[in-house]
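Below you'll find the structure, written out as structure tokens, and then a few comments.
The values are calculated or read from the model by the stated rules, or taken from the named source; none is laboratory data. Only a predicted model underlies this, so the values are computations on that prediction, with no experimental measurement involved. Quick reminder, even Gly has a Cβ in these numbers, built from the backbone with ideal geometry, and neighbours come from all protein chains shown. Accessible surface is based on the protein model in full, side chains and every heavy atom, while ligands, DNA and RNA are left aside. Shrake-Rupley method; radii C 1.70, N 1.55, O 1.52, S 1.80 Å.
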There are 4 protein chains.
Amino acid sequence: MSIKEMIREHPQVGADFNESLAEAVKHAMYCAAICNSCADACSAEEMDMRRCIRLCMDCADVCTMAYRVATRRTDENRQLIRSALAVCIEACETCAEECARHDHAHCQRCAAMCRECAEDCRRALQALNDEVHADGERSTFAHDAT
Amino acid sequence: MSIKEMIREHPQVGADFNESLAEAVKHAMYCAAICNSCADACSAEEMDMRRCIRLCMDCADVCTMAYRVATRRTDENRQLIRSALAVCIEACETCAEECARHDHAHCQRCAAMCRECAEDCRRALQALNDEVHADGERSTFAHDAT
Amino acid sequence: MSIKEMIREHPQVGADFNESLAEAVKHAMYCAAICNSCADACSAEEMDMRRCIRLCMDCADVCTMAYRVATRRTDENRQLIRSALAVCIEACETCAEECARHDHAHCQRCAAMCRECAEDCRRALQALNDEVHADGERSTFAHDAT
Amino acid sequence: MSIKEMIREHPQVGADFNESLAEAVKHAMYCAAICNSCADACSAEEMDMRRCIRLCMDCADVCTMAYRVATRRTDENRQLIRSALAVCIEACETCAEECARHDHAHCQRCAAMCRECAEDCRRALQALNDEVHADGERSTFAHDAT
């Protein structure tokens, strides 16, 4: 049931496994599921949770996209993986900030998950950027500069 | 990072947690990710893997839908959850049968994951059907009869 | 921009285009987008729309799965396409019934879209079943009997 | 069946409809479906299409995320919409470049769709940025500078 072991078995991966990227994939997968659940739980609360519902739905969509794209190892689309990680960080941080405002256990859990996912994506993005600089490539992606 | 704990915290769940359904959600979430990875890994193999690619993409789509729908606990859509579980069993069994034919480690892992997911969905479907019969409701969903 | 023309250009389609299935794909694609929009619009309404939000999110997920699976023509997974169409009919009819109760223009539009999608999926399912019976195959899928 | 009319009926939209953003939503919805179809058609071709399969699957995932996020009008998540549009432009341009290399009718159609989607997203992004500058806000998103 390990998505990380699965990626390691891709025919083009071999020695180039990228631990931090696989960790980001795993947590984005989880974060997509947690945010989907939180959007639903928020809609059942008595108080007005519309902002939280919307941000959770957005974050679930972004995390799903990010983990699916970042899982793929056939040929190469590294630049898009970087952009996917960057937008995932943004969605997770926005969602975490809102969820953290609410006492509901599901919102607190969702906020913690989003923060963990953002941190893992940031680490994976940094590792990909370091690779680029080590290769002497000139990166044109704006988030590389951060 | 527990999707099962997350579901337990839904305001309408309370004592009615449904352990087997939560287990099915968790494994369908994983199976979606594993099948997405296997479709990609298969497309990088030298041999003709077109059938496997197609069935893995189908299974990833169905598992994603199934876990998202089966996660929701607001109000009620139990009949659709049953149908989602039933189609998930079918997609997983079809994919497992094909993946099991190939020696690639990723295909073997995907076949095992699909079988586990199918079994968990079957158990969850059975539990939902038992509930219906206990309630004296008459179920109209065809898979109930199996 | 035509998804139907796109399917016609698949290397394995040729004379076996299946007009009614392509129509179902197109409308399920639209219905997924309309339901995603309605879930969001409902969450912004002042009155309690929780049931409608939930059913729209479910329907968007099912329609997305159904159109993606039913689009594919590589090798064969016709049984799963039938099951996907059947669950799509169910999700659309459930969502249409709820949306039709509300006067909001977005709910009325969503209800109409869901009904149209259900009808197209039903026609596509019937055409696939007729094919099966013409071939003398014995279908094991419960919805075939309807 | 109009997703643009649907967005106009959102309770918080009113006079602030944003024509270019609605156009981007519509074309990203279509592009998601076309890329999903092209990935499948490519996997059925005799020649090695692995790069094209991968880029089409990535592009379908990104377009799906982008149209779903950009559809939502509840409360506010404009910064994430901008980022979603930016990553959508990138995915579409990468996919278009690869698809354009192949003579298959489905690849040529997919390339044209991706270019159109990228152009619409660029126009929508520009309109959102103009709004920001008109408001005197300082944008921190890197793509704003382009």
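What to note about this one:
- Listed by first and then second residue, the pairs linking a residue in segment D:117-146 that is at pLDDT below 95 to a residue that is aliphatic (A, V, I, L, M), with Cβ atoms under 6 Å apart and 6 or more places separating them unless they lie on different chains, are D:139/D:132; D:142/A:142; D:143/D:86.
- Test result for residue B:69, β-branched (Val, Ile, Thr) and closer than 23 Å to residue C:72 by Cβ: yes
- Scanning segment B:82-105 for residues that are out of contact with any helix residue (DSSP H, G or I) (no Cβ under 6 Å at 6 or more places or on another chain) and of a type in the set (A, V, I, L, M) yields a total of 1.
- Scanning segment D:65-99 for residues that are open to solvent by 30 Å² or more (accessible area, probe 1.4 Å) and more than 18 Å from the chain's Cα centre (by Cα) gives D:75, D:76.
- The set of residues in segment C:50-64 being hydrophobic (A, V, I, L, M, F, W, C) and either surrounded by fewer than 22 Cβ atoms within 10 Å (Cβ to Cβ) or closer than 20 Å to residue D:4 by Cα (or both) consists of C:53, C:56, C:57, C:59, C:60, C:63.
- When residues in segment C:77-109 are screened for being out of contact with any Asp or Glu (no Cβ under 8 Å at 6 or more places or on another chain) and either more than 21 Å from residue B:78 (Cα to Cα) or modelled with pLDDT under 95 (or both), 6 of them pass.
- Selection from segment C:65-79 of residues that are more than 7 Å from chain B (Cβ to nearest Cβ), over 14 Å from residue C:6 (Cβ atoms) and not in a helix (DSSP H, G or I): C:76
- Residue check for residue A:5: open to solvent by 10 Å² or more (accessible area, probe 1.4 Å) and not in a helix (DSSP H, G or I): no
- Of all residues in segment C:10-49 being open to solvent by 50 Å² or more (accessible area, probe 1.4 Å) and outside any helix (DSSP H, G or I), the one that is farthest from the other protein chains (Cβ to nearest Cβ): C:15
- Search result, residues across segment A:80-95 that are more than 7 Å from chain D (Cβ to nearest Cβ) and of a type outside the set (Lys, Arg): A:81, A:85, A:86, A:88, A:89, A:92, A:93, A:95
- Among the candidates B:108, B:79, residue that is in contact (Cβ under 8 Å) with a residue 40 or more places away in the chain and in contact with a helix residue (DSSP H, G or I) (Cβ under 9 Å, 6 or more places away or on another chain): B:79
- Considering residues of segment B:100-129 that are assigned to a loop (DSSP other than H, G, I, E, B) and open to solvent by 30 Å² or more (accessible area, probe 1.4 Å) only, the residue farthest from the other protein chains (Cβ to nearest Cβ): B:100
The rows are residues; the columns are (1) at pLDDT 95 or above; (2) not hydroxyl-bearing (Ser, Thr, Tyr).
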site: B:14; (1), (2): no, yes
site: B:20; (1), (2): yes, no
site: B:26; (1), (2): yes, yes
site: B:31; (1), (2): yes, yes
site: B:35; (1), (2): yes, yes
